Amino acid sequence: MRLAENPGSCRRVVVLEARERYENDRSWCFWQDPSSRFDTLVTHRWNQLTVRSSGSSAFMRCAATPYQLLEAAVFYEQAQQLIHAHPGVQLHLGVTLTGLPPEQPDGWRIETPLGTLRAARIVDTRPARRPVRGEALLWQSFLGHEVHCDRAVFDPECVELMDFADGRSGTVEFTYVLPLAPGRALIETTVFDPQPYGPADLAEQQHSAVLKRLRGAAHSVVRAENGILPMGGLTTAPAGSSSRYCAAGLHSGAARPATGYAFQRIQRWADTCAAALRLGGNPVPHAPDPWLTQQMDRLFLQVLAAEPEHAADLFVRLFARVPSPRLIRFLSDKATLADRASVVAALPPALFLRHLLRTGFGPANGRSVP
């Protein structure tokens, strides 16, 4: 899409996409950013958030930088309009490729159902393999349903960002509720665990979460979404040694390891990568997080993995004790040193020092996933 926005400087681009069609299959949420080019596409905004455990809760006001929802269908529609309007950019759906194409002196030969393509440069966003236990420090697995009810049951002014009250012991599990209207919401079960979980694994917990929040209201499910995101420890190196081949996507640093937030990071990467290509250069990978961010994310995830029973308290502490502008900047990859200090001060020092002394600092490997 970035390349198609500049017709005069765009090379010929072919996008090979495995999916058959684009649907409203996901929800991107993030805090408002004045520099975002997609502000007009945002469908919902909230000025209040809550985080709950079984015994305590935190309430965040964020009117200055509202929490926003960008629905996939809206984004996909604009992206396809831009792409289809540019004769040099071709989007082919329903094309699945396995393995890596053979590299040749002048680039790559790619065998597809459309015929043989030759490419001087490749951006590959496919995951190297299906998620497996142990490949990432934790996996963020989620299953959500958008429900429409016959009466008002939700507070459309406040997002339930994390509700740990009904989570199972021995794992980090919470419910996420985006209230889209008094009778409409996206309800999602999320688990952070070394084991990745598919939709069938989360179906029982999700069913219970939906019934609890509907309070007996008749309802219909209008759509579902699910996913599995790597959280730290993933070391998927780009295949091959050519600088003309760029591995990107969730398994290559697109998402923040400790949060899963990805949309804004991907937009920044798209700007940088497209600019490099327009100048005749090679595609660039996702930029590495600052060393301090890598270390803080790694330590936090190690604590969650080793002692998941503390998760609810840790998140409640963060949202209760860190001023909202500081925490939002920290979660949005814009943290100052003072913001980081505020985050550290909100958390129990003994718990984190114990794990830091046990593991030390991680390597400064230049990757965005520590």
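FYI, it's all coordinate maths here, none of it is from the lab. Since the model is a prediction, treat every value here as computed from it, not as a measurement. We place every Cβ from the backbone using ideal geometry, glycine too, and count neighbours over all the protein chains shown.
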Practice task
Sort Ser342, Ser208 so the one with the fewest other Cβ atoms within 10 Å of its own Cβ comes first.
Solution key: Ser208, Ser342
Practice task
Sort largest first and round to whole Å: the equivalent ellipsoid semi-axes of segment 291-359, each the square root of five times a Cα gyration tensor eigenvalue.
Solution key: 19, 14, 10
Practice task
Enter the Cα centre distance for the pair segment 281-339 and segment 200-224, rounded to the nearest angstrom.
Solution key: 30 Å
Completion exercise
Given backbone amide H placed at 1.01 Å from N, residues whose amide H is under 5 Å from that of Tyr261, ignoring those fewer than 5 places away on the same chain, are Arg256
Handout entry: Longest to shortest principal axis, alpha-carbon extents of segment 138-231, angstrom
Key = 39, 22, 19
Problem - FRET efficiency for Asn282 and Lys212, using Cβ-Cβ distance with R0 set to 51 Å, rounded to 0.05 - result: 0.50
Exercise for the section: With a cut-off of at most 11 other beta carbons within 10 Å, and DSSP calling the residue loop, which trypsin sites (Lys or Arg not before Pro) in segment 105-162 qualify? Please list them. Expected result: Arg129, Arg133
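Would you tally the net charge around Gly216, using a Cβ to Cβ cut-off of less than 14 Å, leaving Gly216 out, and scoring K and R as +1, D and E as -1?
+3
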Problem - Formal net charge of residues neighbouring Gly249 (Cβ-Cβ distance under 12 Å; K, R +1; D, E -1) - result: +1
Problem - Phi-based couplings in Hz for segment 105-110 (Karplus 6.51, -1.76, 1.60; Gly and Pro marked x) - result: x, 9, x, 10, 9, 10
Exercise for the section: Output the Cα-based Rg and Dmax of segment 111-188 in Å, rounding Rg to one decimal and Dmax to a whole number. Expected result: 20.3, 57
Problem - Residues with amide H under 5 Å from that of Leu229, placed H, sequence gap 5 or more - result: Gln140, Ser141
Practice task
Calculate for the chain the 222 nm mean residue ellipticity that helices alone would give, adding -39,500 (n - 2.57) per DSSP H run of length 4 or more and normalising by residue count, nearest 500 deg cm²/dmol.
Solution key: -8500 deg cm²/dmol
Fill in the blank from the handout: To the nearest 20 debye, segment 92-156 has a Cα-centred charge dipole, built from +1 on Lys and Arg Cβ and -1 on Asp and Glu Cβ, of 240 debye
Practice task
Please report the relative contact order for the chain, taking Cα pairs under 8 Å with a sequence separation of at least 6, and give it as a percent rounded to a whole number.
Solution key: 18 percent
Exercise for the section: Sticking with the crude label model, points 7 Å out along Cα→Cβ, report the distance from Ala63 to Asp155 in nm, one decimal please. Expected result: 1.6 nm
Problem - Tyr76 versus Asp313: modelled label distance in nm, points set 7 Å from Cα along the beta carbon direction - result: 4.3 nm
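Hey, what does the equivalent ellipsoid look like for the chain, semi-axes from the Cα gyration tensor as sqrt of 5 times each eigenvalue, largest first, whole Å?
So the equivalent ellipsoid measures 35, 26, 20 Å along its semi-axes.
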Exercise for the section: Just tell me the longest site-free run in the chain, where the sites are GluC sites (Glu not before Pro) in a DSSP loop having at most 15 other beta-carbon atoms within 10 Å. Expected result: 158-370
Problem - Gaussian network model of the chain, springs between alpha carbon atoms under 10 Å - residue of Pro102, Pro182, Pro308 with greatest fluctuation - result: Pro102
Completion exercise
Hits in segment 272-300: amide N under 19 Å from the 7 Å Cα→Cβ extension of Ser243, namely 272-288
Exercise for the section: Calculate the tail of P(r) for segment 51-199: the fraction of all Cα-Cα distances greater than 22 Å, expressed in %. Expected result: 64 percent
